[in-house]
Amino acid sequence: MRHVGTIASRELRSLFVSPVAYAVLTLFVLLAGFFFLSSLLQFEEYVLRMQQFQYFDQLKELNLNDHVIAPFFGVMSVVLLFMVPGITMGLFASEKTNHTDELLLTSPLTMWDIVLGKYLAAAAFVSLLVALLALYPAILLLYGDPEVAKTLAGLLGLWLVGLAYAAIGGFASSITRNQIIAFAFSFVLLLVLWMLSFLADLGAAGGAIGAATGFSDFLRWLSTAEHFESFVKGLIDTADLAYFAVLVGTSLLLTKFAVESVRWR
Amino acid sequence: MIEARAMSKRYGDRLAVDSISFEVARGEVVGFLGPNGAGKTTTMRMLTGFLPPTDGTAVIDGHDMLTDPLRARRSLGYLPESPPLYPEMDVEGYLRFVASIKGVPRGERRSAVERTLERCGLVDVRRRVIGALSKGYRQRVGLGQAIVHDPPVLILDEPTVGLDPVQIREIRTLISNLARPAAGGTQHTVILSTHILSEVEAICQRVILIHRGRKRVDAPIADLVREGGGLESVFARETARDESEPEAATV
């Protein structure tokens, strides 16, 4: 796998001469600013109201981590759901429309050179997005004292969510030659994966799924939201880390099979 | 240098290529002929390892494409039917990328790219973005990616399609020079497919003609001209011979 870096750097360079990367970056930063500001304003309103009504006990409970950073990260994890497919939709689909799949597959490259190289490029872009996101809570450090460790755990959670999305988006791109279909397919996959814990909660309330609690637990385990939330709470659990590793690994493996299958059809 | 061993390709019920075998010796330039849909592109894709054959195998420079694909592919330069280009890259950056994935050592990449730019007449457009180039230039960049690593074996699928007469002559000269290099250069073995019979006469020593997935003719051009009454009549005779056969092998 000597050529992973070559594939990754070519992919990144192509990404940054396309308008997609800049559109995603701009939208992402704008949305982040909007949501950050709105959770901040809401926090301010809480504080004012509690002072007004002299709820001093509750006032003590209020803190930047739980009432500004956590909701902000929560919303941004949903924003990633839209943004990452935009980055990954062209990863493999565009090779087919450019006919460059014929170049890559007749070069002395292994399948992992191609799949990992492309994934690394997407992962690097996701890392950039999350790094930009870190700027917003950093602003809070100037005016208040949020818990740094807890904030970093949340960022780690967002980063892992983004990395998993990139792997799943790459898979969606590998099974079609149409970028729009790749986008839609990965978006639906990610949304379902995100929503599974809601489904499990509905079941737990007494629905049909609730009858089989094992199944409901399984759905919850599968859901990205569930694992992401423990990071936001400041918990770094190896079980959650393992979950994201399994998700990324499985997606990359499926991608490899999908790329290979073009040959065997 | 190039050997097809009883290669077949089946798409569902349709047999696109039916047990084709041939050998091409070092330094030979072979023209691969056949009407549209005869199985030329499929055969070439099997030779390059892009498509695995349903049966049989291809051997490139002594390496079996099925059992030793990485080494077989390293000895190979391939220009597909549509040149495989990244429209957003510039010519030089693209060739450097191809040189790298084809396994040209880091220290030799610059000179490999320079040599290719000169050979293909791309020096003036080296910094241009590929997507902004004319079709002729894009075809040349496509040829450039096939030869940048100086592979002993070249497989070219319609290398002169879409070019104007002057460009066609330049590409033909280039291909001829690749097979008969100046002292010290790599001697290339070339298979090229084309519809232009005069092109075959101009640069190839041998013709392989396939029709409906089967090899019909495999002979030196000189023989065909002497005994068969010229390429055109051989082509017409061989491809018209069994129009009445069942549709099983057509495309």
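The values are calculated or read from the model by the stated rules, or taken from the named source; none is laboratory data. These numbers come from a predicted model, not from an experiment. When we count neighbours, we look across all protein chains shown, and the Cβ atoms used for this are built from the backbone with ideal geometry, even at glycine. Ligands, DNA and RNA are excluded from the accessible area calculation, which covers all protein heavy atoms including side chains. Shrake-Rupley method; radii C 1.70, N 1.55, O 1.52, S 1.80 Å.
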Over all distinct alpha-carbon pairs, what is the Kirkwood Rh of segment B:149-240 in angstrom?
14.4 Å
When the helix-only estimate is applied to chain B (DSSP H runs of n ≥ 4, each -39,500 (n - 2.57), divided by the residue count), what is the mean residue ellipticity at 222 nm, nearest 500 deg cm²/dmol?
-11000 deg cm²/dmol
Mind pulling the angle between the C-alpha long axis of helix A:19-52 and the longest principal axis of chain A? Nearest 10 degrees, somewhere in 0 to 90.
10 degrees
Defining a contact as two alpha carbons under 8 Å apart and six or more residues distant in sequence, what relative contact order in percent does segment B:1-114 show?
22 percent
Sorted largest first, extent of the protein assembly as shown alpha carbons per principal axis (Å)
109, 55, 34
Over segment A:107-251, with the other protein chains present, what is the accessible area per residue in square angstrom, probe 1.4 angstrom?
44 Å²
For B:ASP61, what accessible area in Å² do you get when you roll a 1.4 Å probe over the heavy atoms of the protein chains, rounding to the nearest 10?
50 Å²
Return, for the Cα atoms of segment A:3-77, the radius of gyration and Dmax in Å, separated by a comma.
20.0, 64
Students sometimes get this wrong: rank A:LYS96, B:LYS215, B:LYS9 by accessible area, probe 1.4 Å, all chains present, largest first.
B:LYS215, A:LYS96, B:LYS9
Note down the nm distance, to one decimal, between modelled labels 7 Å out along Cα→Cβ at B:THR186 and at B:SER134.
3.0 nm
Measure nothing but the geometry: give the 0 to 90° angle between the long axis through the Cα atoms of A:111-133 and the longest principal axis through the Cα atoms of chain A, rounded to 10°.
30 degrees
Relative contact order (percent) for segment A:2-263, with alpha-carbon contacts under 8 angstrom and 6 or more residues of separation?
25 percent
Quick one: Kirkwood hydrodynamic radius for segment A:2-263, alpha-carbon pairs, angstrom, one decimal?
19.9 Å
Against the empirical 2.2 N^0.38 Å scaling, what ratio does the C-alpha Rg of segment A:15-166 come to?
1.36
Rounded to 10°, Cα long-axis angle of helix A:213-222 versus longest principal axis of chain A
70 degrees
Looking only at segment A:220-236, which residues have a backbone nitrogen under 14 Å from a spot 7 Å from the Cα of A:GLU147 in the C-beta direction?
A:230-236
Take the alpha-carbon centre of segment A:17-96, take the same for segment B:209-224, and report the distance between them in whole Å.
68 Å
Could you calculate the FRET efficiency of B:THR173 with A:VAL78 from 1/(1 + (r/R0)^6), where r is the beta carbon distance between them and R0 is 45 Å, rounded to 0.05?
0.15
Which of the pairs B:LYS135/B:LYS215; A:LYS233/A:LYS256; A:LYS256/B:LYS9; A:LYS118/B:LYS215 have their Cα atoms more than 30 Å apart in this structure?
B:LYS135/B:LYS215; A:LYS233/A:LYS256; A:LYS118/B:LYS215
How much solvent-accessible surface does B:GLU81 expose, in Å² to the nearest 10, with a 1.4 Å probe and all protein chains in place?
90 Å²
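Pop the C-beta distance of A:TYR46 and A:ILE180 into the FRET formula with R0 = 41 Å and round what comes out to the nearest 0.05. Intermediate results must be reported in sequence, preceding the final value.
On the way: r = 42 Å, r/R0 = 1.03.
With R0 = 41 Å, the Cβ-Cβ based efficiency is 0.45.
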Report the calculated FRET efficiency for A:TRP112 and B:ALA219 (r = Cβ-Cβ distance, R0 = 60 Å), to the nearest 0.05.
0.85
Under 13 Å from a label point 7 Å along Cα→Cβ of A:LEU27: give me every residue in segment A:41-82 with its amide N that close.
A:79-82
